[in-house]
Amino acid sequence: MTLWIDVAAEADLFEGAGIAVTPEDQDIAVFKLEDGGVFAINNLCSHGNAKLCDGFVEGHRVECPFHQALFDVRDGTVSCGPATEPVKSWPVKIENDRVLLKLDQ
Ligand code: FES
């Protein structure tokens, strides 16, 4: 079953930054890129106890605030260590000015 969850208003997002949302007890960071794209990945860094929503965003990558690993917010892959494992990415859509995440994966 497809389960789209309303997690935020689109107006809560700011270009080049992330926010934390916690639908269904998941800890997820939602990013709006400077080109307007909106993406969601797990908020917890795969390398340690850092929140990626607090990281610096440049282009389509977020820098972990602890050890500066770089993750591609579009798919959660690691662009630069020390992290080696990707973080899960989640489907996102914008509908009626709301941000929806698909949680059935
Ligand atoms: Fe994120 Fe170490 S905790 S790179």
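Just so it is clear, none of the values below were taken in a lab; they were calculated from the coordinates. Nothing here was measured: the structure is a model prediction, and the numbers come from that model. Don't worry about glycine lacking a Cβ; one is built from the backbone with ideal geometry, like all the others, and counts go over all protein chains shown.
Residues in segment 84-105 that are over 21 Å from GLY36 (Cβ atoms), within 16 Å of the chain's Cα centre (by Cα) and not basic (Lys, Arg): 5 in all.
I need the full set of residues from segment 81-105 which are surrounded by 13 or more Cβ atoms within 10 Å (Cβ to Cβ) and assigned to a strand (DSSP E or B), in order please. Correct list: SER89, TRP90, VAL92, ILE94, ARG98, VAL99, LEU100, LEU101, LYS102.
Anything in segment 57-69 that is more than 9 Å from the ligand (Cβ to nearest atom) and either over 11 Å from the mean Cα position of the chain (by Cα) or among the β-branched types (Val, Ile, Thr) (or both)? List them, or say none.
VAL57, GLU58, GLY59, VAL62
If you go through segment 21-60 and keep only what is touching a strand residue (DSSP E or B) at 6+ places or on another chain (Cβ under 6 Å) and closer than 17 Å to ARG98 by Cβ, you end up with VAL21, PRO23, ILE28, VAL30, PHE31, LYS32, VAL38, PHE39, ALA40. Exactly one residue among PHE39, PHE66 is closer than 21 Å to VAL7 by Cα, free of Cβ contacts under 8 Å to residues at least 60 places away in the same chain and of a type in the set (A, V, I, L, M, F, W, C), and that residue is PHE39. Across segment 70-80, the qualifying residues are those that are crowded, with 18+ Cβ neighbours inside 10 Å and outside any strand (DSSP E or B), and the one among them that is nearest to the chain's Cα centre (by Cα) is VAL73. With respect to being touching a Lys or Arg at 6+ places or on another chain (Cβ under 6 Å), in contact (Cβ under 8 Å) with a residue 40 or more places away in the chain and either among the basic types (Lys, Arg) or more than 16 Å from the ligand (Cβ to nearest atom) (or both), VAL7 falls outside the description.
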